[in-house]
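Novice: Before I ask anything, here is the structure I am working with.
None of the figures in this text is laboratory data; all of them are computed from the coordinates on show. Predicted model only: the values in this text are computed from it and were never measured. Every residue, glycine among them, receives a Cβ derived from its backbone with ideal geometry; neighbour counts consider all protein chains shown.
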Amino acid sequence: MTLLAPSALVIAFYVLLVRLLAGYSIPVFRRYGASFVLSSVWNPGSASYGILPALMGTAVTSVLAAAIALPVSLSMVVFLNEYCPSIVARVVASVTTVMGGLPSIVYGLWGALVLPELLRSYVMVPLHKYLGFLPPFSCAPVSGWTFFTAGVLLAIMITPYMFSLVHEAYASVPRKYREALLAISARPYVIAREFIKMLWPAVIGALLLGLGRAAGETIAVSLVVGNVNAVPYCLFLPGQTISSLIANNFPEASSYPLMLNALYAAASVLLVVGMVLNIAGLALMSRWRSITG
Amino acid sequence: MRDALRIVVAVITALIIVGIAAAVASVFGSGIGGGGNSRTLKPATTSSPTYVKMGGATFPAPQYLAWIKSFMREHPSIRVSYELLGSGAGVSRFFDGTLDVAGSDPPLPHDVWVKHEGKVMQVPTLVGAVVVTYNIPGLNHVTLNLSGKVLALIYKGVIKYWDDPRIQELNPAVKLPHHEIFVVFRADASGTQLIFTTFLHKAAPSTWPSTLVGKAPAFPVAGSGRAAGGKGNPGVANLVMSNPYSIGFVEWSYALENNMSIAAIENAAGNFVKPSTESLISAARSAAKHLPRTPLGDFSKDEEYIIYPGGKDAYPLVAWTHLVIRVNYESQAKARAVAALLKWIAEKGELNIIPGYAPVPENVRQLMVEAANNILHAAGS
């Protein structure tokens with residue numbers, strides 16, 4: 001009976017959270033309906049609240065972050081486990097695992113100081129020059145405070161965490177598989193490839209958790225994303241994400257009628273998107289498990 | 001052995017990272033500031049001190065913190081703290097009882113004042129200024145002349161290049177470069193932004209309509225790809241300093257602290273004026289006649305008269321910042337402490353102003369003394 005209490009507490013907490021969010025958000029959805037999510041106009045002075053640019057900004061920066069973080073963390077796992085001398089591998093893995101557990105704001109603050117100008121001169125300008133025919137790189141980077149910089153910063157923030165999740169799963173593969181592969185003289189690359197195939201649910205899980213973390217970052221993102229209500233039709237534009245929108249406007253939200261409700265509604269949209277992604281991911285993982293047995 | 005090694009590595013890494021984090025946080029803590037910073041000194045006396053909790057606007061915070069430090073030295077039994085929350089949050093917490101005194105750049109709006117009429121007082125404590133700053137390689141210590149109309153066109157996205165004839169004609173002696181202007185504004189809803197947009201509206205009403213006036217207006221230039229919002233004054237200052245050919249607006253004290261270029265703005269009399277203690281006082285004097293005669297009065301229109309005021313030497317981007325005070329405090333000790341603070345500011349504080357602000361005119365200081373007397377009277381002393 002006493003074991004029921006903690007679970008009940010957690011459920012109660014989520015119910016209260018949903019109730020609070022719903023309570024504040026419903027007036028906004030009632031008034032604006034779907035246009036809250038589809039409109040690009042955010043003008044508190046005329047009580048127009050539309051979060052489409054912010055929502056697209058969250059999507060673009062999180063996807064970019066995951067697209068950078070996943071290959072990097074996977075490569076790191078493979079390298080440390082298959083190619084690196086074991087002492088070095090253990091030290092680097094331990095250090096990175098510890099870093100993955102740190103509050104990512106620490107990296108965020110560093111990135112905010114260093115990244116914008118560096119990325120602009122050495123990455124964005126060449127990308128625009130040589131790959132400018134691709135839509136995401138088609139606009140000339142005027143300044144370093146853009147969606148691209150936010151995506152890269154988020155990648156830096158979530159990579160140690162994703163590494164530690166995949167690394168743990170990799171290290172827990174039973175020895176018999178390694179022995180079997182070695183028995184047929186498989187090269188390290190083949191061993192790694194087979195292990196990753198076995199671990200695919202864990203990789204997807206790490207990806208989703210990383211995406212979730214990236215979507216929730218607020219202050220670090222608001223320091224580099226440019227804070228402009230613009231649709232991300234190109235990566236080199238300044239913009240915003242839902243989290244940075246909320247972080248920027250929350251302190252003074254009482255100055256405008258409905259602004260606080262609009263911010264809570266934006267948070268609810270983020271919650272719903274996150275839930276949908278997680279449910280899809282969990283469904284995917286359980287399907288993989290049933291296939292691989 | 002393996003486990004011991006792991007533990008040692010983890011502990012060393014953790015210590016290194018905590019050390020780096022502390023170093024980064026201390027660099028950033030002094031730069032980015034805001035959002036819940038509070039400073040309180042420990043009480044020096046053994047008898048229980050009276051605590052006065054203040055908080056709110058970040059605009060006057062450096063001056064308030066300097067005043068509080070000197071005040072507490074003279075009154076060791078009173079401990080005052082000022083939290084940097086923003087005007088809106090400060091006023092909300094004042095009305096819900098968490099703060100004793102709120103600092104607010106804009107005065108209480110009319111409907112809020114009416115609701116609390118007779119129970120709340122406001123006093124303008126300082127005159128502050130918003131400056132327009134820019135970063136043009138080669139021209140950074142040359143003073144540019146700008147007018148409200150030109151600024152309105154820049155922030156609307158209509159004027160795109162620095163060498164636009166409308167800017168060039170105000171600066172015939174300066175060779176402006178042909179480069180796109182990178183426009184910086186505030187990412188967060190802010191009193192400084194309200195002052196700037198009110199000025200644009202008053203100086204160029206046909207270009208900058210009243211729908212674009214506010215703490216968080218939708219700047220038309222935002223969609224152009226050459227604009228960005230900075231978080232707080234430090235964020236704007238950082239963006240302007242890091243992006244060449246940019247323009248932005250910050251509080252005067254921040255521009256002075258960071259040695260940024262300051263533009264001369266055209267005032268209502270047609271003169272291009274830079275901010276200085278004299279030009280701020282000149283603006284304040286001409287606006288003081290429109291203030292209510294008593295701290296219990298309605299101050300909601302006072303910014304309209306001080307922004308873009310008359311006076312040939314007045315700097316046009318000036319604003320009052322206010323303290324919002326109760327008439328009735330819950331204890332005699334607190335009432336006496338708040339009254340003492342107000343009287344101290346009126347008598348000594350206004351004589352010791354740090355760079356970036358100007359004192360309020362003499363007749364306005366009287367409002368602080370009157371407010372202090374009202375508090376003491378209501379507490380029965």
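Novice: Among rounded, prolate and oblate, which fits the range B:130-276 when a ≥ b ≥ c are the square roots of the eigenvalues of its C-alpha gyration tensor, a/c under 1.5 means rounded, and a/b larger than b/c means prolate?
Specialist: Rounded shape, in that the Cα axes give a/c under 1.5.
Novice: Using +1 on the beta carbon of Lys and Arg, -1 on that of Asp and Glu, and nothing else charged, what's the dipole of the range A:4-292 about the Cα centre, debye to 20?
Specialist: Computed charge dipole of the range A:4-292: roughly 600 debye.
Novice: Taking the Cβ of each residue in A:Ser35, A:Ser143 as the centre, tally the other Cβ atoms inside 10 Å and list the residues starting with the fewest.
Specialist: With the sparsest Cβ surroundings first, the list reads A:Ser35, A:Ser143.
Novice: Ignoring the sites themselves, what is the longest stretch of chain B with no trypsin sites (Lys or Arg not before Pro) in a DSSP loop and at most 12 other beta-carbon atoms within 10 Å?
Specialist: The reported range is B:1-118.
Novice: Next up: Checking understanding here: applying a Kyte-Doolittle mean of at least 1.0 and a length along the axis of at least 27 Å (C-alpha), which whole DSSP H helices in chain B pass?
Specialist: Span-like helices in chain B: B:2-31.
Novice: Could you give the C-alpha radius of gyration of the protein assembly as shown expressed as a fraction of 2.2 N^0.38 Å, taking N as the number of residues it contains?
Specialist: Expressed relative to 2.2 N^0.38 Å, the Cα Rg reads 1.08.
Novice: Positive end of the charge dipole of chain B (Lys, Arg +1 and Asp, Glu -1 on Cβ, about the Cα centre): tell me which of B:Gly214, B:Ala268, B:Gln332 has its Cα farthest that way.
Specialist: B:Gln332
Novice: Which angle from 0 to 90°, rounded to the nearest 10, does the C-alpha axis of helix A:105-119 make with the longest principal axis of chain A?
Specialist: 80
Novice: Lone cysteines in the protein assembly as shown, defined as no other cysteine's Cβ under 4.7 Å from theirs: which are they?
Specialist: A:Cys84
Novice: Here's another thing I want to ask about it. For the range B:132-264, what's the relative contact order in percent, using C-alpha pairs closer than 8 Å and at least 6 residues apart?
Specialist: 40
Novice: Related question: With labels modelled as points extended 7 Å from the Cα through the Cβ direction, what inter-label distance (nm, one decimal) is found for A:Arg19 paired with A:Ala186?
Specialist: Computed distance between label sites A:Arg19 and A:Ala186 equals 5.3 nm.
Novice: The range B:301-344 to the range A:39-60: how many Å between their Cα centroids?
Specialist: One Cα centre to the other: 36 Å.
Novice: At a threshold of 8 angstrom on Cα-Cα distance, excluding pairs fewer than six apart, so keeping six or more, what relative contact order does the range A:1-152 reach in percent?
Specialist: Computed value for the range A:1-152: 19 percent relative contact order.
Novice: Given the C-alpha centroids of the range B:279-293 and the range A:100-151, what is the distance between them in whole angstrom?
Specialist: If we compute the Cα centre of each part, the gap is 47 Å.
Novice: Separate question: What 222 nm value per residue comes from the helices of chain A, counting each DSSP H run with n ≥ 4 as -39,500 (n - 2.57) and dividing by all residues, nearest 500 deg cm²/dmol?
Specialist: Mean residue ellipticity, 222 nm, calculated: -23500 deg cm²/dmol.
Novice: For the protein assembly as shown, give the share of DSSP beta bridges that are antiparallel, in percent and rounded to the nearest 5; count only bridges with both residues there.
Specialist: Of the beta bridges lying entirely in the protein assembly as shown, close to 60 percent run antiparallel.
Novice: Still on this structure, please answer the following. Give the span of the range A:85-190's Cα atoms along each principal axis, as three whole-Å numbers ordered largest to smallest.
Specialist: 56, 34, 20
Novice: Also, quick follow-up: Relative contact order for the range A:4-292 using alpha-carbon pairs under 8 Å, separation at least 6, rounded to a whole percent?
Specialist: Result for the range A:4-292 is 29 percent.
Novice: Quick one: helix A:147-171 against the long Cα principal axis of chain A, what's the angle to the nearest 10°, folded into 0 to 90?
Specialist: The answer is roughly 40 degrees.
Novice: Only bridges with both residues in the range B:45-158 count here: give the DSSP antiparallel percent, nearest 5.
Specialist: Bridges in the range B:45-158 are about 0 percent antiparallel.
Novice: Sequence neighbours fewer than 8 away in the same chain don't count; with that in mind, list the lysines whose C-alpha is under 28 Å from B:Lys69.
Specialist: Candidates past the 8-residue exclusion: B:Lys42, B:Lys53, B:Lys231, B:Lys334, B:Lys343, B:Lys348.
Novice: Relative to the longest principal axis of the C-alpha atoms of chain A, give the angle of the C-alpha long axis of helix A:188-198, reported between 0 and 90° and rounded to the nearest 10°.
Specialist: 50
Novice: Mind checking which aspartates and glutamates have their Cα closer than 13 Å to the Cα of B:Lys160? Skip sequence neighbours fewer than 8 apart in that chain.
Specialist: B:Glu180
Novice: Right, next: Out of the GluC sites (Glu not before Pro) in the range B:57-140, which ones are loop residues according to DSSP with at most 15 other C-beta atoms within 10 Å?
Specialist: Sparse-neighbourhood loop GluC sites (Glu not before Pro): B:Glu117.
Novice: Name the shape class, rounded, prolate or oblate, that the alpha-carbon gyration tensor gives for chain B, where a ≥ b ≥ c are the square roots of its eigenvalues, rounded holds for a/c under 1.5, and otherwise prolate holds if a/b is larger than b/c and oblate otherwise.
Specialist: The shape class here is oblate.
Novice: Tally the DSSP beta bridges in the range B:130-276 and give the antiparallel ones as a percent, rounded to 5.
Specialist: Restricted to the range B:130-276, the bridges split so that about 55 percent are antiparallel.
Novice: Report Rg(Cα)/(2.2 N^0.38 Å) for the range A:4-292, keeping two decimals.
Specialist: 1.14
Novice: Specify whether the C-alpha gyration tensor of the range A:2-128 places it in the rounded, prolate or oblate class, a ≥ b ≥ c being the square roots of the eigenvalues: rounded for a/c under 1.5, otherwise prolate if a/b is larger than b/c and oblate if not.
Specialist: Verdict is oblate for the range A:2-128.
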